[in-house]
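To keep things clear, I will list the structure first and then write my remarks on it.
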Amino acid sequence: MDYRRLFSPGGTFFFTVVTQHRKPVLVENIDRLRAAVRRVKANRPFNIDAAVIMPDHLHMVWTLPEGDADYSMRWNLIKRHFSTGLPVRSVSESKRSKREKGIWQRRFWEHQIRDEQDWRNHLDYIHFNPVKHGYVQQAIEWPYGSFRRYVRQGFYESDWGRSGDLVLPHMELE
């Protein structure tokens with residue numbers, strides 16, 4: 001397969017990263033995930049504009065430093081650091097030969113943010129995701145994401161994103 005990615009130094013990107021077979025391992029290992037992200041950010045800086053961690057997938061918007069477009073290596077390292085020390089799941093010979101533990105899907109989905117409206121749409125999508133999946137009744141209730149930070153900054157009202165109240169732009173992201 002000829003898999004192509006858009007690399008734009010200093011760009012802002014939306015990502016969806018999913019666990020293998022949608023195994024719900026992220027929230028139960030949230031400290032491990034946070035440590036993996038901090039470790040990678042320390043060596044390969046980037047800004048996390050927004051994030052939500054769900055049990056079996058995550059969404060983030062990153063802005064990369066000027067002159068740097070290597071988000072693929074960052075995700076590779078985050079996945080590796082997260083997986084180190086976790087038990088190996090039963091994996092195929094192909095995964096075993098690539099030293100994969102069967103925790104993550106091999107690839108991730110990315111979208112380059114085009115403008116402010118695109119950025120806002122993706123932030124809304126990220127912050128509404130726990131409500132969409134039925135984990136909470138409103139966005140403020142979900143503790144694993146950036147929504148509360150945006151409320152403190154005045155970007156959202158605390159009652160934004162209630163179940164049944166919100167219609168988001170149609171985005172096929174998951």
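The values are calculated or read from the model by the stated rules, or taken from the named source; none is laboratory data. The structure presented is a predicted model; accordingly, all values stated were derived computationally and were not measured. Every residue, glycine as well, gets a Cβ built from its backbone with ideal geometry; the counts of neighbours run over all protein chains shown. With ligands, DNA and RNA removed, areas are computed over all heavy atoms of the protein, side chains included. Shrake-Rupley method; radii C 1.70, N 1.55, O 1.52, S 1.80 Å.
Just a few scattered comments:
- Subset of the range 55-67 [at pLDDT 95 or above, out of contact with any strand residue (DSSP E or B) (no Cβ under 8 Å at 6 or more places or on another chain) and farther than 18 Å from D115 by Cα]: P55
- Condition check for W142: over 30 Å from A69 (Cβ atoms), aromatic (F, W, Y) and modelled with pLDDT of 95 or more: yes
- Residues within the range 150-159 that are loosely packed, with under 14 Cβ neighbours inside 10 Å and in a helix (DSSP H, G or I), tallied: 1
- Residues (open to solvent by 50 Å² or more (accessible area, probe 1.4 Å), assigned to a helix (DSSP H, G or I) and touching a residue at least 40 places away in the same chain (Cβ under 8 Å)) located in the range 115-149: W119
- Among the residues of the range 32-47, those that are part of a loop (DSSP other than H, G, I, E, B) and more than 14 Å from the chain's Cα centre (by Cα) comprise R44, P45.
- Restricting the range 56-68 to residues that are open to solvent by 20 Å² or more (accessible area, probe 1.4 Å) and in a loop (DSSP other than H, G, I, E, B) leaves a set whose member that is farthest from Y125 (Cα to Cα) is G67.
- Residue list for the range 27-49, restricted to those being without any contact (Cβ under 8 Å) to a residue 40 or more places away in the chain and either open to solvent by 80 Å² or more (accessible area, probe 1.4 Å) or not basic (K, R) (or both): E28, D31, R34, R38, A42, N43, R44, P45, F46, N47
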